[in-house]
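Colleague: The structure is given below, and queries will be raised subsequently.
Values quoted throughout were computed directly from the atomic coordinates according to the rules given, and no laboratory measurement underlies them. This one's a predicted model, so the numbers in the text were calculated from it and none came from an experiment. Heads up, the Cβs are rebuilt from the backbone with ideal geometry, glycines too, and the neighbour counts pull from every protein chain shown.
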Amino acid sequence: MFVQNLFDAGAPFYDRVVGWGFLGSGVMYRKMAERRAGVKAGIKLLDSAAGTGLMAEAAIQLGVLPADLVCLDPSPGMLAEAKKKLSVQTVVAPADAIPLPDRTFDFVTMGYALRHVASLEGTFAEYARVLKPGGRVLILEITKPRNRFGAFWFRLWFRNLYPFLTRVFTGSRDAQKMMRYYWETMDAVVPPESILAALGTVGFTDVRRHVVGSIFSEYTATKP
C-alpha cells in the first residue's frame, strides 16, 4: 500500500519528471526498443506495470490499435494519467496476479518496473500464462554500471540530483519522494543474469538481453 500511495500521489508529475530527467528521450527510446522486439500493427498487447502509459503510447505509434491494448498497473493514479492521453482499457492489478484470461495476448511489455515486483518467477509465469503460444515479452530495465566511474555518476544523478531537481521543478514533495524511491529500487535492482535465468525457469525460450548505453537493458523472450 505504501508504494501504491507513493505512485498515486506522484502520478500527475510523472511524465514531466521522466521527460526532463531523460532529456526528452523516453517515448522515442521506448518506441525504438519495441520496434526491435517486434511490436507492430495487428497484435494484441498487454502493457504490464504501465504507469502513465509511456510504453503503450510508443506501441500505438508503431501501429498497435488502442482497442488491442490493455494497460495494467497497481496504481489507480498512474492509470488515471494514462487514460487522459490514451483511449485504452486499464486494469488495476499487480504484475504477478493478472486478472485476465490465459492465452490472450501476442505481446507483453514492461517498462522500468521489474524492480518493483515481489517475485521474478511469479511475474514471468503470469506473463507466460496470458501470452498466446509464440507470444513475446519485452522488459526494459535500468542496470547499474559496474565500472567505478559509471557507478559514481549513476549514483550522483539518480540518488542526489534527480530527486532534488524534481522538487525544484515541480514544487511537490510527493514527486520528490517518488523519485527517491525510484533510486532506492534502482540501487537494489536484480542483476541481469538473474532476470535472464528467471525467464528461462518459467519456460520462455530465445531469452536475450540487448544493452544500450551501458545502463539500459532490453530483455526479450518467446513463449513456446
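Colleague: Based on other C-beta atoms within 10 Å, arrange H116, H210 from fewest to most.
Modeller: Taking fewest neighbouring Cβ atoms as first place, the list is H210, H116.
Colleague: Identify all lysines with a Cα-Cα distance to K40 below 28 Å; exclude those on the same chain that are fewer than 8 residues away in sequence.
Modeller: K31, K83, K84, K85, K132, K223
Colleague: In addition: Residues of the stretch 195-224 with amide nitrogen under 20 Å from the 7 Å Cα-to-Cβ point of R155?
Modeller: Under 20 Å, as judged by backbone N against the label point of R155, lie 214-216 of the stretch 195-224.
Colleague: Roughly what % of DSSP beta bridges within the stretch 2-222 run antiparallel, to the nearest 5?
Modeller: Bridges in the stretch 2-222 are about 40 percent antiparallel.
Colleague: Can you work out D for the chain in µm² s⁻¹ from Stokes-Einstein, where Rh is the Kirkwood radius over C-alpha pairs, the temperature is 37 °C and the viscosity is 0.692 mPa s?
Modeller: Estimated diffusion coefficient is 187 µm²/s.
Colleague: With each run of n ≥ 4 DSSP H residues scored as -39500 (n - 2.57), what mean residue ellipticity at 222 nm is computed for the chain after dividing by its residue count and rounding to the nearest 500 deg cm²/dmol?
Modeller: -14000 deg cm²/dmol, from helical runs alone.
Colleague: Continuing with this model, one more query. For the stretch 67-164, what does the equivalent ellipsoid look like in terms of its semi-axes, each the square root of 5 times an eigenvalue of the Cα gyration tensor, given largest first in whole Å?
Modeller: That gives 29, 18, 12 Å for the three semi-axes.
Colleague: With label points built 7 Å along Cα→Cβ from the Cα atoms of K84 and D206, find their separation and express it in nm.
Modeller: Between K84 and D206, the simple spin-label model gives 3.8 nm.
Colleague: Among T123, V211, L72, which residue has its Cα furthest toward the positive end of the charge dipole of the chain, with +1 on Lys/Arg Cβ and -1 on Asp/Glu Cβ?
Modeller: Of the options given, the answer is V211.
Colleague: Taking a point 7 angstrom from the Cα of K132 along the C-beta vector, which residues in the stretch 68-110 have backbone N less than 18 Å away?
Modeller: Under 18 Å, as judged by backbone N against the label point of K132, lie 68-71, 100-109 of the stretch 68-110.
Colleague: If each of L165 and K44 carries a label point 7 Å out from its Cα toward its Cβ, how far apart are those two points in nm?
Modeller: 4.2 nm
Colleague: For a quick check: with amide H placed at 1.01 Å from N, whose amide H comes under 5 Å from Q89's, ignoring anything fewer than 5 positions away on the same chain?
Modeller: Those qualifying (amide H under 5 Å, at least 5 residues apart or on another chain) are L69, C71.
Colleague: Also: Could you work out which residue, out of P66, P101, P163, moves most in a Gaussian network model of the chain, that is, has the largest mean-square fluctuation with Cα springs under 10 Å?
Modeller: Result for the chain, Cα springs under 10 Å: P101 fluctuates most.
Colleague: Using packing as a proxy for protection, rank 141-153, 82-94, 170-182, 38-50 so that the peptide with the highest average count of other Cβ atoms within 10 Å comes first.
Modeller: 38-50, 170-182, 82-94, 141-153
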